[in-house]
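The values are calculated or read from the model by the stated rules, or taken from the named source; none is laboratory data. Computed from a predicted structure; not experimentally measured. Counting neighbours? That spans all protein chains shown, and the Cβs are built from the backbone with ideal geometry, glycine included.
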Amino acid sequence: MFMDRRPCPQLVERYLHMYGKQLDARCLAMVLGAPQCSNPLFLRLLLDELRVVGQFEGLEQQIRGLLTATVRTILTAHATQT
């Protein structure tokens, strides 16, 4: 089931902060503005992928790529990495 509204910025910021990460305003707006992030599972998978990014150079492009993915493709990619 989908959330009634888009995720709040504090949720995204606090989750990433637990791992010593943060998004700049532009990247945060990309995540918050994406309709697929209203799906809690998709949002969690997206944030999990972002928290393991070593370099934040090219992050906007990586976010765009993740936003074109489906839950299944993110889960499959994650499963093959572990």
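Of everything in region 7-55 that is closer than 22 Å to Arg72 by Cβ and outside any helix (DSSP H, G or I), the residue that is modelled with the lowest pLDDT is Pro7.
With respect to Leu66, determine if the residue is free of Cβ contacts under 8 Å to residues at least 24 places away in the same chain, hydrophobic (A, V, I, L, M, F, W, C), over 18 Å from His17 (Cα atoms) and in a helix (DSSP H, G or I). So Leu66 fits the description; yes. Looking only at residues in region 40-70 that are among the polar types (S, T, N, Q) and over 11 Å from the mean Cα position of the chain (by Cα), the one that is surrounded by the fewest Cβ atoms within 10 Å (Cβ to Cβ) is Gln55.
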